[in-house]
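The numbers here are math on the coordinates, done by the rules we state, and not lab data. These figures come from a predicted structure and were not determined experimentally. Every residue, glycine as well, gets a Cβ built from its backbone with ideal geometry; the counts of neighbours run over all protein chains shown.
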Amino acid sequence: MNDTTVVQENEENKFSWSGFIVGLIVGGALFLLTIQIVKALMFSLTAA
Amino acid sequence: MSVSRRNFLKGLAVGGTAGYFAMAGVTSTVMKDMFLPKEPVGDDDIGEIKSVKVTQISETSWFNNSILVNDMMKAGGLLVNQYIIPWTHEGVKEGYNGDNSGGYSALLDIEFLDGSKKKVLFDCGWNAAWMDECYKREGVDKMLANHEVDMLFQTHEHFDHYWGIETVLKYCPDLPIGVPKGFYQEGFDLLQGKKFDIAKVKNDYPHKGKVTVRESGKVHHLYPGVASITFDSSIITRVKGEQAMILNVKDKGLVVITGCCHMGIISLLQEVRHRIKGGKKIYAIQGGLHISPFEDWDPQYDDLIKAIPAYGIEVMACNHCTGYLTAEKMLKAGLPVVEGTARFKSKKKLYLGNGDQVVFG
């Protein structure tokens, strides 16, 4: 009988690049949303 | 190769944070013009004048705040048409011969760069007898009779700024008058000699001169160095529209003169800044600023006082409906409010009063 060594990759600390890229897009979009809200509040016309 | 949910979320969190701050950096630098609009800069060159002297003929529009407010409330509130409010004209201890009404009016002596001069009457007050006494005190009655006054600049239709028109027309029935868009028919009827019994206002001298109605949304060039802007403000006691005058004093800057500033001081200064060349820095402001006319206070007025220094104003010749309380707070905040002399029934020296003068230039 041949012994076959099975190498199992340790998934516990593996960085997810797909998650990172999705995060980059989501994070960027969140900031754009923030700036639209800030712009609307800053430049709204209010009578003194 | 499968990705565990935990690793994906970790990547998502790191990427999200990096993406958020990266976008912050990009939009603040490379793409900033796309996201933060530039503040418009005024480009309307109105010319220049050498100087303007403002004589405060009367800034005491009424003598007792409580009585005036009571008159409006008894009639139904601040939205009631001013022409149907029975204003109190007798029995007021501190009034003018018992009458609570006074009026707001000023005389502008403008000197142009070529040495020529013009006189502009700025509003015409309320109480005909009071205004007549004030005009005689300052010699304005003779100026009107001799046609030395070139125009009446009527800022708005309010009772304390306009209902003294009879006194003006008595001396000069054909004086050219400029009014803001928004004047009601009653205002034009008064000019033509109508009487309003409830409000006790009349004009026995029908106007025979030219009336110019100034539209909102543009800068009106009145003389070289002198312009006006009209605002479509809806104001208490069923009044609409107010115009302010802007003069560009050579080597000093823009002087903004208001009647009541119902459009709001920040709105006015912003409009001047966005429309008129040189408006980035306002040299002076004169007239009523309508902040605490009844000596009441709201925390938002503190924000107004904090906002004013950004305009670089060097002279604040404010009075009338600015309110003494506002003047006190402005002085405490270090704003350059011009002191008055408290003569001719003006109560305090906190700002320019009846008979006081200020020269710009």
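Once amide H atoms are placed 1.01 Å from N in the peptide plane, what residues at a sequence separation of 5 or more from residue B:99, or on another chain, have their amide H within under 5 Å of its amide H?
For residue B:99, whose amide H was placed from the backbone, the distant partners under 5 Å are B:92.
Select from B:257, B:346, B:315 the residue farthest towards the positive end of the dipole of the protein assembly as shown; place +1 on Cβ of Lys and Arg, -1 on Cβ of Asp and Glu, and compute about the Cα centre.
Highest projection toward the positive end goes to B:315.
What does the highest-first list of B:236-247, B:321-332 look like by mean Cβ count within 10 Å?
Final packing ranking: B:236-247, B:321-332.
Using the membrane-span-like helix rule (whole DSSP H runs, Cα extent along the own axis of at least 20 Å, mean Kyte-Doolittle hydropathy at least -1.0), which helices of chain B qualify? Don't skip to the end; give the middle numbers.
Numbers: long enough: B:5-28 (34 Å, 0.37).
Correct list, ordered by number: B:5-28.
Please compute the volume of the convex hull spanned by the alpha-carbon atoms of the protein assembly as shown and report it per residue in Å³. Don't jump to the answer; show the numbers that get you there.
Numbers: hull volume 73.9 nm³, N = 409.
Enclosed volume per residue, from the Cα hull, is 181 Å³.
Could you tell me which of rounded, prolate or oblate describes segment B:115-170, using a ≥ b ≥ c as the square roots of the eigenvalues of the alpha-carbon gyration tensor, with rounded for a/c under 1.5 and, failing that, prolate when a/b is larger than b/c and oblate otherwise?
Oblate, because a/c is 1.5 or more while a/b does not exceed b/c.
What is the Cα centroid distance between segment B:305-361 and segment B:1-33, reported in whole angstrom?
54 Å
Which far-off residues, 5 or more places away or on another chain, put their amide H under 5 Å from the one on residue B:49, with H placed in the peptide plane?
It is B:248, B:249, B:250, by chain and number.
Can you give the mean number of other chain Cβ atoms that lie within 10 Å of the Cβ atoms in peptide A:28-36?
Details: counts 11, 4, 4, 10, 5, 0, 4, 6, 1.
Mean number of neighbouring Cβ atoms from other chains: 5.
If N is the number of residues in segment B:7-110, what value comes out of its Cα radius of gyration divided by 2.2 N^0.38 Å? Don't jump to the answer; show the numbers that get you there.
Values: Rg = 30.1 Å, N = 104, 2.2 N^0.38 = 12.8 Å.
Against the empirical 2.2 N^0.38 Å value, I get 2.34 for segment B:7-110.
Which peptide among B:171-179, B:129-137 comes first, and what is the full order, when sorted by highest mean count of other Cβ atoms within 10 Å? Write out the running numbers ahead of the final one.
Details: B:171-179: 18.4, B:129-137: 20.1.
Final packing ranking: B:129-137, B:171-179.
Which whole-Hz couplings ³J(HN,Hα) result when phi for each residue of segment B:253-260 is put into the Karplus expression 6.51 cos²θ - 1.76 cosθ + 1.60, θ = phi - 60°, listed in order with x for Gly and Pro?
Once rounded to whole Hz, the list reads x, 7, 10, 9, 10, 10, x, 10.
Taking just the alpha-carbon atoms of chain B, what radius of gyration and Dmax come out, in angstrom?
When restricted to the Cα atoms of chain B, Rg and Dmax are 24.4, 99 Å.
Of B:286, B:28, B:241, whose Cα points farthest to the positive end of the dipole of the protein assembly as shown (charges on the beta-carbon: +1 Lys, Arg; -1 Asp, Glu; origin at the Cα centre)?
My answer, from the dipole projection, is B:28.
Hey, got the average number of other protein chain Cβ atoms within 10 angstrom for residues in B:16-28? Please report the intermediate quantities before stating the final value.
Details: counts 12, 3, 5, 12, 10, 3, 4, 10, 6, 1, 2, 5, 1.
Whole-number average of other-chain Cβ neighbours for B:16-28 is 6.
Under the classification rounded if a/c is under 1.5, otherwise prolate if a/b is larger than b/c and oblate if not, where does segment B:263-361 fall, given a ≥ b ≥ c as square roots of the Cα gyration tensor eigenvalues? Don't skip to the end; give the middle numbers.
Numbers: a/c = 1.95, a/b = 1.30, b/c = 1.49.
Oblate shape, in that a/c is at least 1.5 and b/c is the bigger or equal ratio.
Averaged over B:267-275, how many beta carbons belonging to a partner chain fall within 10 Å of each residue's beta carbon? Kindly include the intermediate steps, with their values, before the conclusion.
Numbers: counts 4, 1, 1, 2, 0, 0, 0, 0, 0.
Partner-chain Cβ atoms within 10 Å, mean over residues of B:267-275: 1.
Rounded to the nearest Å, what's the spacing between the alpha carbon centres of segment B:62-131 and segment B:242-263? Just the number, please.
20 Å
Would you mind putting B:307-316, B:72-81, B:218-227 in packing order, based on average other-beta-carbon counts within 10 Å, highest first? List each step's numbers first, then the result.
Working: B:307-316: 16.2, B:72-81: 13.5, B:218-227: 19.0.
Highest mean packing first, the order is B:218-227, B:307-316, B:72-81.
Under 5 Å between amide H atoms, partner at least 5 residues away or on a different chain: which partners does residue B:346 have, H built in plane at 1.01 Å?
For residue B:346, the qualifying residues are B:354.
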